[in-house]
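J.: Have a look at this one before I ask anything.
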Amino acid sequence: KGYDFEALSTKLSDIKQRYPEKTDAAILLEAEISYDTLVQVMDRVRVQQRIEDDEIIRSDLFPDISIGDAPVLDGGA
């Protein structure tokens, strides 16, 4: 049910470890994606959160986000 935001966060953390100086990311949306889903994805792309000693620790991942429309693929070919 729904999207696996935890897996997205894990993958983004892995990418950030490989490219620590990178701060930008592009999110390409398909027409049926809801605004709420976009916000949740943007939150995950922008910052990671973890609990350490009963405290929430936040650190930047890719805070410079660009948003655009995903290319529309025709059903043929």
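The values are calculated or read from the model by the stated rules, or taken from the named source; none is laboratory data. The shown structure was predicted, so the numbers you read here are calculated from the model rather than taken from an experiment. Here the Cβ is made from the backbone with ideal geometry for all residues, glycine too, and neighbour counts use every protein chain on show. Calculation scope for accessible area: heavy atoms of the full protein, side chains included, ligands and nucleic acids excluded. Shrake-Rupley method; radii C 1.70, N 1.55, O 1.52, S 1.80 Å.
J.: Can you tell me which residue is least open to solvent (accessible area, probe 1.4 Å) among those in the range 37-77 that are of a type in the set (G, A, S) and in a loop (DSSP other than H, G, I, E, B)? Lay out the reasoning, then the answer.
T.: So the first thing to find is which residues in the range 37-77 are of a type in the set (G, A, S), and the list is 59, 66, 68, 70, 75-77.
Filter again for in a loop (DSSP other than H, G, I, E, B), leaving 70, 75-77.
Working: A70: 23, G75: 87, G76: 49, A77: 148 Å².
Here the residue is A70.
J.: Same structure again: With respect to the numbered conditions (1) open to solvent by less than 90 Å² (accessible area, probe 1.4 Å); (2) outside any helix (DSSP H, G or I); (3) among the hydroxyl-bearing types (S, T, Y), which one is the sole condition not fulfilled by Y3?
T.: So Y3 meets the others, but not (1).
J.: Would you check which residues across the range 12-45 are of a type outside the set (G, A, S) and more than 28 Å from L73 (Cα to Cα) and list them?
T.: Residues of the range 12-45 that are of a type outside the set (G, A, S), as a first pass: 12, 14-24, 27-30, 32-33, 35-45.
D14, K16, Q17, R18, Y19, P20, E21, K22, T23, listed by residue number.
J.: Can I ask one more? Only residues that are touching a residue at least 12 places away in the same chain (Cβ under 8 Å), of a type in the set (A, V, I, L, M) and either open to solvent by less than 80 Å² (accessible area, probe 1.4 Å) or within 11 Å of I65 (Cβ to Cβ) (or both): list them for the range 16-36, please.
T.: If the condition is that a residue be touching a residue at least 12 places away in the same chain (Cβ under 8 Å), of a type in the set (A, V, I, L, M) and either open to solvent by less than 80 Å² (accessible area, probe 1.4 Å) or within 11 Å of I65 (Cβ to Cβ) (or both), then A25, A26, I27, L29 are the ones that fit.
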